[in-house]
Amino acid sequence: MVVAGSSPSREERAARLFREGWAPRVLVSRQFVPDRVQRLLDMGVRRLDFQGESVAALEKYGVPRDAIVPLDQPVEITETELRAVAAAARDRGWRRLILVTSSLHARRVQLIWRRESGGTIEGRLAVVPDECPAGDAWWRRRRCSEAVLHEYLGLLALYLHISSLMR
């Protein structure tokens, strides 16, 4: 399962797991498309939505189209994404998944997965390096500072049970 975001590094790792025989299929969620991106799609300026880009990257990395399982339900936050993934896994009778995410996002993914899977589906993490390495003065780079803040706010929202309010 490619957790949405950080394309194409997560797709590259998922494709490697597929080629090495660890994953017979690769699940791809349908990430919510904001209005600004939808306008670009409608204008033909942008060819693919986020899910389409993820599928295309997986194919470029050698995953055959028939091994890619795209989910239909659009999701906005990690919690709704993993809820949809858990439901899809249950519907297919899957007992374990590999969740491909970034190291910064891993803790939150693990917490959400435990909650959403109800302990009935094993979820292993495959982590890709972040664009903001821990010892690289990440706080001086705006994108990295925003990513760290986003993760801490996401964790806080989970602990306070208010993540449904976060968009």
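The values are calculated or read from the model by the stated rules, or taken from the named source; none is laboratory data. Please read all numbers here as calculations on a predicted model, not as lab measurements. Counting neighbours? That spans all protein chains shown, and the Cβs are built from the backbone with ideal geometry, glycine included. The protein model used for the area step is the full one, side chains on, heavy atoms only, and it has no ligands, DNA or RNA in it. Shrake-Rupley method; radii C 1.70, N 1.55, O 1.52, S 1.80 Å.
Per-residue ellipticity at 222 nm, computed for the chain from helices alone with -39500 (n - 2.57) per DSSP H run of at least four residues, works out to -15000 deg cm²/dmol. Remark: the stretch 1-92 projects, on average over all directions, an area of 6.0 nm² (convex hull of Cα atoms). Normalised by the number of residues in the chain, the mean separation of alpha-carbon contacts (under 8 Å, six or more apart) gives a relative contact order of 23 percent.
Charge dipole of the chain (Cα centre as origin; +1 on each Lys and Arg Cβ, -1 on each Asp and Glu Cβ, all else neutral): 200 debye, rounded to the nearest 20. Taking one quarter of the surface of the C-alpha convex hull of the stretch 97-160 gives a mean projected area of 4.6 nm². In the stretch 69-167, taking the dipole from charged Cβ atoms about the Cα centre, the farthest positive-side position among Val69, Ala87, Ile121 is held by Ile121.
Computed on protein heavy atoms with a 1.4 Å probe, the accessible areas place Asp35, Asp49 in the order Asp35, Asp49, largest first. Of Thr120, Thr80, Thr101, the order by accessible heavy-atom surface (1.4 Å probe, DNA, RNA and ligands excluded), from most exposed downward, is Thr120, Thr80, Thr101. Solvent-accessible surface of the stretch 20-167, taken per residue with a 1.4 Å probe and all protein chains present: 63 Å².
As a fraction of the 1.4 Å probe accessible area of the stretch 1-137, surface on carbon and sulfur atoms comes out at 48 percent.
How high is the FRET efficiency between Leu40 and Val69 when r is their beta carbon distance and R₀ equals 22 Å, given to the nearest 0.05? Step by step, r from the Cβ atoms, then E = 0.25.
With Cα atoms as the point set, the chain shows a radius of gyration and Dmax of 15.9, 46 Å.
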